Every structure is written in C-alpha cells, then in structure tokens.
Amino acid sequence: MNRDLGAGESALALIDYPSRFPLKVFGKQTDDFETIVLALVRSRCPQAEHIEVRRRVSKGGKYQALTLTFTVYSQQQLEEIYRDLYDCEAVVMSL
C-alpha cells in the first residue's frame with residue numbers, strides 16, 4: 001500500500017489489516033504492570049489471539065517497557081487499544 005494521508009487522517013489508516021503489530025507500552029516498575037496492560041489489550045482482541053511479550057527494565061530500574069506483538073484486525077480496534085492505554089494510570093506512554 002502506497003498512499004498519502006488526507007487531512008486529519010490517522011497514520012493508522014496506512015496499515016494493511018489484518019497485520020501483526022508491535023505495540024510498545026511504558027510504565028513504572030510495579031508487580032502488576034504487565035498484567036494490567038495485557039488485560040487491556042486482550043479485552044480488545046479475539047479470545048484465541050496469541051500476544052508475544054518482550055520485557056525490558058530501565059537502567060535505573062524505575063520504569064519498564066513492554067513490546068506486545070499481536071494481530072490487529074482494524075483501525076478501530078487499534079484506536080480503542082490506544083485509548084484504553086491512554087486512560088490507564090499505570091501507563092506512562094505507548095507507541
């Protein structure tokens with residue numbers, strides 16, 4: 001797919017759906033951060049969806065980063081996941 005974005009159009013519109021998508025989520029280092037993030041993402045994914053998780057802790061140990069790779073089926077699904085993560089107090093940032 002090779003096209004330009006229209007005015008006000010999200011870059012998420014450029015993704016060919018369905019597609020495997022790497023989502024990066026950052027938060028403070030807590031015991032339940034991964035559980036919270038996975039629950040939010042799983043609530044928007046098909047029940048059988050396999051989510052690959054990679055973890056990294058910051059040099060100082062204060063923050064952790066998760067890279068979740070899973071299949072996204074629509075722009076709406078991805079926008080809902082980003083909105084849920086934005087609303088979550090445990091999440092500092094998501095990319």
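The values are calculated or read from the model by the stated rules, or taken from the named source; none is laboratory data. Predicted model only: the values in this text are computed from it and were never measured. Ideal geometry is used to build each Cβ from the backbone, glycine not excepted, and the neighbour counts take in all protein chains shown.
Could you list, in sequence order, the residues of region 56-81 that are outside any strand (DSSP E or B), farther than 23 Å from LEU12 by Cα and either polar (S, T, N, Q) or touching a residue at least 24 places away in the same chain (Cβ under 8 Å) (or both)?
Correct list: SER58, GLY61, LYS62.
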- Residue, nearest to SER58 (Cα to Cα), within region 20-33, restricted to residues that are surrounded by 11 or more Cβ atoms within 10 Å (Cβ to Cβ) and basic (Lys, Arg): LYS28
- Does TYR17 satisfy the condition of being surrounded by 13 or more Cβ atoms within 10 Å (Cβ to Cβ), in contact with a strand residue (DSSP E or B) (Cβ under 8 Å, 6 or more places away or on another chain) and either at pLDDT below 95 or of a type in the set (Ser, Thr, Tyr) (or both)? yes
- Task: Give me the pairs, please: first residue somewhere in region 22-48 and more than 16 Å from ASP84 (Cβ to Cβ) and touching a residue at least 12 places away in the same chain (Cβ under 8 Å), second residue anywhere and among the small types (Gly, Ala, Ser) and loosely packed, with under 12 Cβ neighbours inside 10 Å, beta-carbon distance under 8 Å, and either six or more positions apart or on two chains.
- Result: GLN29/GLY61
- Item | Residues of region 34-55 classified as among the charged types (D, E, K, R), surrounded by 13 or more Cβ atoms within 10 Å (Cβ to Cβ) and assigned to a strand (DSSP E or B), total | 0
